[in-house]
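J.: Take this structure, written in C-alpha coordinates, and hold onto it; I'll ask about it next.
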Amino acid sequence: MNESEANQAMPNGNKCPQCGASLPAGALDGLCPACLLKQGAAGDTVTNGPGKPFNPPSVAELKPLFPQLEILELIGKGGMGAVYRVRQKELDRVVALKILPPGIGDDPEFAGRFAREAKALAKLNHPGIVTLYEFGSVDNANASSPTPQTSRLFYFLMEFVDGVNLRQLLAGGRVSPREALAIVPQICDALQFAHDHGIVHRDIKPENILLNKA
(Lines give C-alpha, C1' and ligand atoms only; values in the text may rest on other atoms or scores of the structure.)
Protein backbone atom coordinates (compact mmCIF):
# COMPACT_ATOMS: atom_id res chain seq x y z
CA MET A 1 0.00 0.00 0.00
CA ASN A 2 1.44 3.35 -1.03
CA GLU A 3 1.15 6.57 0.99
CA SER A 4 -1.92 7.76 -0.91
CA GLU A 5 -3.75 4.49 -0.31
CA ALA A 6 -2.79 4.56 3.36
CA ASN A 7 -4.19 8.07 3.74
CA GLN A 8 -7.44 6.96 2.07
CA ALA A 9 -7.68 3.97 4.41
CA MET A 10 -7.14 6.16 7.49
CA PRO A 11 -8.20 9.69 6.38
CA ASN A 12 -7.96 11.17 9.88
CA GLY A 13 -5.05 9.10 11.15
CA ASN A 14 -2.68 12.06 11.28
CA LYS A 15 -5.24 14.85 11.58
CA CYS A 16 -6.66 16.62 14.62
CA PRO A 17 -10.25 15.36 15.00
CA GLN A 18 -11.42 18.84 16.09
CA CYS A 19 -9.85 21.22 13.57
CA GLY A 20 -8.34 18.94 10.94
CA ALA A 21 -4.79 20.28 11.36
CA SER A 22 -1.83 17.94 10.91
CA LEU A 23 -0.79 16.35 14.19
CA PRO A 24 2.82 16.57 15.42
CA ALA A 25 4.50 13.40 16.58
CA GLY A 26 3.36 12.35 20.06
CA ALA A 27 0.34 14.67 20.14
CA LEU A 28 -1.40 14.53 23.51
CA ASP A 29 -4.90 12.98 23.47
CA GLY A 30 -4.73 12.92 19.66
CA LEU A 31 -5.27 16.70 19.49
CA CYS A 32 -3.18 19.46 17.96
CA PRO A 33 -1.55 21.89 20.45
CA ALA A 34 -4.10 24.66 19.73
CA CYS A 35 -7.11 22.42 20.41
CA LEU A 36 -5.45 20.91 23.46
CA LEU A 37 -4.99 24.40 24.89
CA LYS A 38 -8.63 25.30 24.13
CA GLN A 39 -9.77 22.11 25.82
CA GLY A 40 -7.75 22.92 28.92
CA ALA A 41 -8.99 26.52 29.01
CA ALA A 42 -12.61 25.42 28.73
CA GLY A 43 -12.48 23.10 31.73
CA ASP A 44 -13.64 24.03 35.22
CA THR A 45 -10.45 24.65 37.16
CA VAL A 46 -9.28 26.68 40.13
CA THR A 47 -7.95 29.29 37.72
CA ASN A 48 -11.46 30.50 36.92
CA GLY A 49 -11.24 33.35 39.40
CA PRO A 50 -12.99 36.60 40.12
CA GLY A 51 -12.57 39.56 37.80
CA LYS A 52 -12.02 42.21 40.47
CA PRO A 53 -8.48 43.00 41.74
CA PHE A 54 -7.24 40.92 44.63
CA ASN A 55 -5.88 42.74 47.67
CA PRO A 56 -3.89 40.15 49.61
CA PRO A 57 -4.26 39.82 53.39
CA SER A 58 -1.52 41.43 55.46
CA VAL A 59 0.96 39.34 57.42
CA ALA A 60 -0.84 40.35 60.62
CA GLU A 61 -4.21 39.22 59.23
CA LEU A 62 -2.84 35.80 58.27
CA LYS A 63 -1.09 35.00 61.54
CA PRO A 64 -4.22 33.94 63.51
CA LEU A 65 -5.44 31.86 60.55
CA PHE A 66 -2.25 29.78 60.39
CA PRO A 67 -0.95 29.31 63.96
CA GLN A 68 1.28 26.45 62.80
CA LEU A 69 3.18 28.82 60.52
CA GLU A 70 5.38 31.85 61.04
CA ILE A 71 4.30 34.27 58.32
CA LEU A 72 7.51 36.04 57.26
CA GLU A 73 6.63 38.23 54.27
CA LEU A 74 4.53 38.72 51.16
CA ILE A 75 6.70 37.84 48.16
CA GLY A 76 4.30 38.08 45.22
CA LYS A 77 0.71 38.68 44.16
CA GLY A 78 -1.42 38.43 41.05
CA GLY A 79 -5.00 38.07 39.91
CA MET A 80 -5.22 34.51 41.16
CA GLY A 81 -3.69 34.87 44.60
CA ALA A 82 -0.78 35.93 46.75
CA VAL A 83 2.33 34.06 47.84
CA TYR A 84 4.04 34.44 51.21
CA ARG A 85 7.35 33.17 52.53
CA VAL A 86 6.55 31.29 55.72
CA ARG A 87 8.23 28.90 58.15
CA GLN A 88 6.73 25.64 59.33
CA LYS A 89 7.39 25.86 63.04
CA GLU A 90 7.55 22.15 63.86
CA LEU A 91 9.76 21.25 60.90
CA ASP A 92 11.76 24.50 60.98
CA ARG A 93 11.40 24.61 57.20
CA VAL A 94 10.82 27.63 54.97
CA VAL A 95 8.01 27.06 52.47
CA ALA A 96 5.68 29.12 50.28
CA LEU A 97 2.05 29.75 51.22
CA LYS A 98 -0.27 30.62 48.33
CA ILE A 99 -3.62 32.17 49.24
CA LEU A 100 -6.45 32.21 46.71
CA PRO A 101 -8.68 35.30 46.57
CA PRO A 102 -11.44 35.35 49.21
CA GLY A 103 -14.82 34.58 47.68
CA ILE A 104 -13.44 32.26 45.04
CA GLY A 105 -14.94 29.33 46.94
CA ASP A 106 -18.48 30.71 47.00
CA ASP A 107 -19.37 28.31 44.21
CA PRO A 108 -20.68 25.22 46.06
CA GLU A 109 -18.81 22.93 43.64
CA PHE A 110 -15.51 24.73 44.05
CA ALA A 111 -14.30 22.88 47.17
CA GLY A 112 -14.55 19.47 45.51
CA ARG A 113 -12.91 20.71 42.31
CA PHE A 114 -10.14 22.37 44.32
CA ALA A 115 -9.42 19.14 46.23
CA ARG A 116 -9.35 17.03 43.06
CA GLU A 117 -6.94 19.35 41.29
CA ALA A 118 -4.69 19.74 44.34
CA LYS A 119 -4.40 15.96 44.66
CA ALA A 120 -3.50 15.71 40.98
CA LEU A 121 -0.84 18.42 41.37
CA ALA A 122 0.57 16.73 44.47
CA LYS A 123 1.35 13.64 42.38
CA LEU A 124 3.66 15.59 40.05
CA ASN A 125 7.10 14.60 41.30
CA HIS A 126 9.56 16.32 38.97
CA PRO A 127 12.68 18.47 39.59
CA GLY A 128 11.28 21.21 37.34
CA ILE A 129 7.89 21.44 39.10
CA VAL A 130 7.37 23.07 42.50
CA THR A 131 6.38 20.43 45.06
CA LEU A 132 2.96 20.74 46.69
CA TYR A 133 3.11 19.81 50.38
CA GLU A 134 -0.39 20.58 51.62
CA PHE A 135 -3.67 22.22 50.65
CA GLY A 136 -6.89 23.14 52.38
CA SER A 137 -9.04 26.00 53.59
CA VAL A 138 -9.50 28.03 56.77
CA ASP A 139 -12.27 30.25 58.09
CA ASN A 140 -11.61 33.86 57.18
CA ALA A 141 -13.66 36.26 59.34
CA ASN A 142 -13.90 39.77 57.90
CA ALA A 143 -13.93 41.73 61.14
CA SER A 144 -13.67 45.07 59.34
CA SER A 145 -17.07 44.62 57.72
CA PRO A 146 -20.09 46.36 59.35
CA THR A 147 -21.76 42.94 59.34
CA PRO A 148 -18.92 40.48 60.04
CA GLN A 149 -18.94 37.56 57.62
CA THR A 150 -17.00 34.33 57.55
CA SER A 151 -15.84 32.76 54.30
CA ARG A 152 -13.40 30.02 53.39
CA LEU A 153 -9.87 30.99 52.46
CA PHE A 154 -8.30 28.32 50.23
CA TYR A 155 -4.55 27.81 50.25
CA PHE A 156 -1.60 25.76 48.99
CA LEU A 157 1.56 25.09 50.97
CA MET A 158 4.42 24.56 48.53
CA GLU A 159 8.16 24.27 48.11
CA PHE A 160 9.90 27.64 48.45
CA VAL A 161 12.24 28.46 45.58
CA ASP A 162 15.05 30.71 46.79
CA GLY A 163 15.86 32.71 43.69
CA VAL A 164 14.15 34.90 41.08
CA ASN A 165 11.55 34.46 38.40
CA LEU A 166 12.41 34.62 34.72
CA ARG A 167 10.80 38.06 34.32
CA GLN A 168 13.17 39.51 36.92
CA LEU A 169 16.11 37.86 35.20
CA LEU A 170 15.07 39.24 31.80
CA ALA A 171 14.52 42.73 33.25
CA GLY A 172 18.10 42.69 34.47
CA GLY A 173 19.36 41.77 31.02
CA ARG A 174 21.20 38.84 32.49
CA VAL A 175 20.13 36.00 30.17
CA SER A 176 22.68 35.10 27.54
CA PRO A 177 21.79 32.91 24.53
CA ARG A 178 23.71 30.05 26.13
CA GLU A 179 21.71 30.41 29.35
CA ALA A 180 18.43 30.60 27.44
CA LEU A 181 19.29 27.36 25.65
CA ALA A 182 19.85 25.77 29.06
CA ILE A 183 16.56 27.07 30.55
CA VAL A 184 14.09 26.36 27.73
CA PRO A 185 14.58 22.56 27.54
CA GLN A 186 13.99 22.31 31.30
CA ILE A 187 10.70 24.21 30.94
CA CYS A 188 9.64 21.98 28.06
CA ASP A 189 10.56 18.84 29.98
CA ALA A 190 8.53 19.92 33.02
CA LEU A 191 5.51 20.85 30.88
CA GLN A 192 5.65 17.55 29.00
CA PHE A 193 5.76 15.68 32.33
CA ALA A 194 2.68 17.59 33.52
CA HIS A 195 0.84 16.99 30.22
CA ASP A 196 1.62 13.28 30.42
CA HIS A 197 -0.14 13.28 33.80
CA GLY A 198 -3.21 15.12 32.52
CA ILE A 199 -2.29 18.60 33.80
CA VAL A 200 -2.43 21.67 31.51
CA HIS A 201 -0.86 24.70 33.22
CA ARG A 202 -2.65 27.39 31.16
CA ASP A 203 -0.63 30.30 32.56
CA ILE A 204 2.95 29.85 31.37
CA LYS A 205 4.74 33.22 31.50
CA PRO A 206 8.11 34.49 32.77
CA GLU A 207 6.60 35.42 36.15
CA ASN A 208 5.72 31.76 36.74
CA ILE A 209 9.10 30.35 35.78
CA LEU A 210 11.27 30.23 38.92
CA LEU A 211 15.04 29.87 38.93
CA ASN A 212 16.87 29.01 42.11
CA LYS A 213 20.33 30.26 43.00
CA ALA A 214 21.93 27.14 41.54
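The values are calculated or read from the model by the stated rules, or taken from the named source; none is laboratory data. It should be emphasised that the depicted structure is a prediction, and the values quoted were computed from it without experimental measurement. Here the Cβ positions follow ideal geometry from the backbone for every residue, glycine too, while neighbour counts run over all protein chains shown. Side chains included, ligands, DNA and RNA excluded: accessible areas come from the protein's heavy atoms. Shrake-Rupley method; radii C 1.70, N 1.55, O 1.52, S 1.80 Å.
J.: Suppose the chain between L170 and D107 were pulled fully straight at 0.36 nm per residue; how much longer would it get relative to their current alpha carbon spacing?
T.: Residue separation times 0.36 nm, minus the Cα-Cα distance, leaves 18.9 nm.
J.: In nanometres, what is the gap between the two model label sites at E61 and A21, each 7 Å from Cα along Cα-to-Cβ?
T.: 4.2 nm
J.: Of the options L124, L72, P108, report the single residue whose Cα projects farthest towards the positive end of the charge dipole of the range 56-141 (beta-carbon charges: Lys, Arg +1; Asp, Glu -1).
T.: Result: L124.
J.: Which value, in Å² rounded to 10, gives the accessible area of S137 with a 1.4 Å probe and all protein chains present?
T.: The value for S137 is about 40 Å².
J.: Counting other Cβ atoms within 10 Å of each Cβ, which GluC sites (Glu not before Pro) in the range 56-101 have at most 10 and sit in a DSSP loop?
T.: Passing sites in the range 56-101 are E90.
J.: Tally Lys/Arg at +1 and Asp/Glu at -1 over every other residue whose Cβ is under 11 Å from the Cβ of N208; what's the total?
T.: Net local charge, N208 excluded: +1.
J.: Taking the Cβ-Cβ separation of L181 and R116 as r and a Förster radius of 25 Å, what is the calculated FRET efficiency to the nearest 0.05?
T.: Computed FRET efficiency for L181 and R116 comes out at 0.10.
J.: I've got another one for you. Filter K63/K213; K77/K213; K63/K205; K77/K123 down to the pairs with a C-alpha to C-alpha distance above 23 Å, please. Walk me through the numbers before you get to the answer.
T.: Numbers: K63/K213 29 Å; K77/K213 21 Å; K63/K205 31 Å; K77/K123 25 Å.
Going by Cα-Cα distance, K63/K213; K63/K205; K77/K123 fall outside the 23 Å limit.
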